[in-house]
Structures are given as structure tokens and as C-alpha cells.
Amino acid sequence: QVQLVESGGGLVQPGGSLRLSCAASGIIFSIYHMGWYRQAPGKQRELVAVITRASSTNYADFVEGRFTISRDNAKNTVYLQMNGLKPEDTAVYYCNARRSSPWNDYWGQGTQVSVSS
């Protein structure tokens, strides 16, 4: 049974920081590309950052150097360090594990991030 469990969300003031974690089980973590997505109320889910199984990274334009995605294959965990948070970063953040051959695509339940003064 595959599980992706996010943690680390919460309420933070503008300019603050949060570190999200996603612990995976039931998969061979090291062979999966891992990603963070977010969905704000009334909006579609969008990509935030991805890290490939080779640890190459890619970020959405809106990140603007504020976030860092990383992975620890020994702990089956992917992280998203978020600095300089803005109110528009408020959303539910979801962890994703994906591989293409064969196709597998798994999602966590999400963790709420709220940025407000």
C-alpha cells in the first residue's frame, strides 16, 4: 500500500519560512520523481517544484528562488523549504510520486499552508 504523508504546514506571517516534508512508504522511493504541487481555493492544482530520481530540480516561475526542493533517499522523504512566503502562497500543498515506465502516479492528502499577518 502506497502512502505519501505530508507534514510541516501551518500559519506563518508574510516573509516567514516553513519546511514541508513528505514521507513515502510502499514504493521504491529512489526510482521515483518527486514533486510538490499546490491548490489554492477556486484555482487549479499547479506545480511548485520537482526533483528527479537523479536529483535534478525544476521550479515554477512564481517560486523566484524562494523555495528549495530536496530529497533524502535513505529516509524516503522529500522536502520543500519555503522562505520569503507571500499571502499568495496560501494553498494546500500536495506531495506527488511519479514514474513513467511503468506509469505510476501517487498523491498525498495535502498540508495546508496559510500566509497571513
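The values are calculated or read from the model by the stated rules, or taken from the named source; none is laboratory data. Just so it is clear, the model here is predicted, and its values are computed rather than measured. Positions of Cβ are backbone-derived with ideal geometry, glycine not excepted, and every protein chain shown enters the neighbour counts. Heavy atoms of the whole protein, side chains included, go into the accessibility calculation; ligands, DNA and RNA do not. Shrake-Rupley method; radii C 1.70, N 1.55, O 1.52, S 1.80 Å.
Assorted remarks:
- Restricting the calculation to Cα atoms, the chain shows an Rg/Rh of 0.96 when the hydrodynamic-style radius is the Kirkwood one.
- Beta bridges per DSSP, both residues in the chain: antiparallel share near 95 percent.
- In sequence order, calculated HN-Hα J values of segment 77-87 (Karplus, 6.51, -1.76, 1.60; Hz; x Gly/Pro): 9, 10, 10, 9, 8, 10, 10, x, 5, 10, x
- Each residue of segment 28-44 is assigned a 3J(HN,Hα), and the resulting list reads 7, 3, 5, 9, 9, 7, 10, x, 10, 10, 9, 9, 8, x, x, 10, 7 Hz, derived from the Karplus form 6.51 cos²θ - 1.76 cosθ + 1.60 (θ = phi - 60°), x at Gly and Pro.
- Note, ³J(HN,Hα) from phi for segment 10-18, Karplus 6.51, -1.76, 1.60, rounded to Hz, x at Gly and Pro: x, 9, 9, 7, x, x, x, 10, 9
- Magnitude of the charge dipole, segment 55-117, Cβ model with Lys/Arg +1 and Asp/Glu -1, debye to 20: 240
- Here segment 2-90 has 48 percent of its accessible surface on carbon and sulfur atoms, given a 1.4 Å probe and all protein chains in place.
- Dipole magnitude (debye, nearest 20) for the chain, charges at Cβ of Lys, Arg, Asp, Glu: 200
- Under 5 Å from the amide H of THR90 lie the amide H atoms of VAL115, each residue being 5 or more positions distant or on a separate chain, with H modelled from the backbone and absent for Pro and chain starts.
- Simple rule: put +1 on each Lys or Arg Cβ and -1 on each Asp or Glu Cβ in the chain, find the dipole, and look at SER117, ILE31, ASN58; the Cα lying farthest toward the positive end is ILE31.
- Rolling a 1.4 Å probe over the protein heavy atoms gives the chain an accessible area of 53 Å² per residue.
- Note on ARG99/GLU64: beta-carbon distance plugged into 1/(1 + (r/R0)^6) with R0 of 22 Å gives a FRET efficiency of 0.15.
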